[in-house]
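Read the structure below first, then the notes.
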Amino acid sequence: MNKTIIVWMCIILLTVNAVLALGIRPAHTKIISQETLTTAGEFWVINTDAQEFTVLISVEGEMGQYVKAKPDKLLFRSDDDAKAVQFSVNLPNDVPPGESTAHIVIEEEIPAESPNVISSRIILKHKITVQGPYPDKFISIKLNFHEGKDTIRMVSE
């Protein structure tokens, strides 16, 4: 086998092992702006493999400027099952029509190591979907793809 392939296989195996250590619950929050412009909530970061690690918490996305998350860092010990992240959303009065999103990013912090070490980190996102008001006339579409042996059909709703 080619050495490059072997190296990549090792990296993938190491990464798959690390992916089992972290999760979030629930993964999504939906806000309908016509019902409320302010919302508070929480989600849980789960330590599924009872490991010690630190995660950094940040916010991104088109509606990210209206989202605040606390704390900005979580330290897990091996006996910690889960820890809560609180967030608040304060939307402006002029929310754009349709769906807009923000993401609260949970990023595993990698300890500083020597420069010749290959490492991987886990990044998970809690998605916040903001449903803005619909105009008087609008079209909402959904596309699905159905794969056959030799064909791919596109179905629109």
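The values are calculated or read from the model by the stated rules, or taken from the named source; none is laboratory data. Small disclaimer: the values here were computed from a predicted structure and weren't measured. Don't worry about glycine lacking a Cβ; one is built from the backbone with ideal geometry, like all the others, and counts go over all protein chains shown. Quick note on the areas: whole protein, heavy atoms, side chains included, nothing else; ligands and nucleic acids left out. Shrake-Rupley method; radii C 1.70, N 1.55, O 1.52, S 1.80 Å.
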inquiry  = Can you give me the % of accessible surface on the chain that is carbon or sulfur? Probe 1.4 Å, all protein chains present, nothing else counted.
reply    = 55 percent
Packing-based order for 50-63, 81-94, using average beta carbon neighbours within 10 Å, highest first = 50-63, 81-94
ask   = When the helices in the chain are scored as -39500 (n - 2.57) per DSSP H run of 4 or longer and the sum is shared across all residues, what 222 nm value do you end up with, to the nearest 500 deg cm²/dmol?
value = -3500 deg cm²/dmol
key: Accessible solvent surface per residue of the chain, calculated while the other protein chains remain in place, 1.4 angstrom probe, Å²   = 70 Å²
message = Across the chain, what fraction of all alpha-carbon pairs, as a whole percent, falls in each successive 5 Å bin from zero upward?
response = 2, 7, 14, 14, 12, 12, 13, 11, 8, 5, 2, 0, 0
query = Which of the lysines could be linked to Lys73 by a straight reach, that is with a Cα gap under 21 Å, when you skip same-chain ones fewer than 8 residues away?
reply = Lys83, Lys125, Lys127
task = Compute the long axis of helix 3-19 from its Cα atoms, compare it with the longest principal axis of the Cα atoms of the chain, and write down the angle in degrees, 0 to 90, nearest 10.
result = 60 degrees
note = Pseudo-spin-label distance Glu107 to Leu37, built 7 Å along Cα→Cβ, given in nm, is 3.1 nm
request  = Just need the relative contact order of the range 13-157 here, percent rounded to a whole number, with Cα pairs under 8 Å and 6+ apart.
outcome  = 27 percent
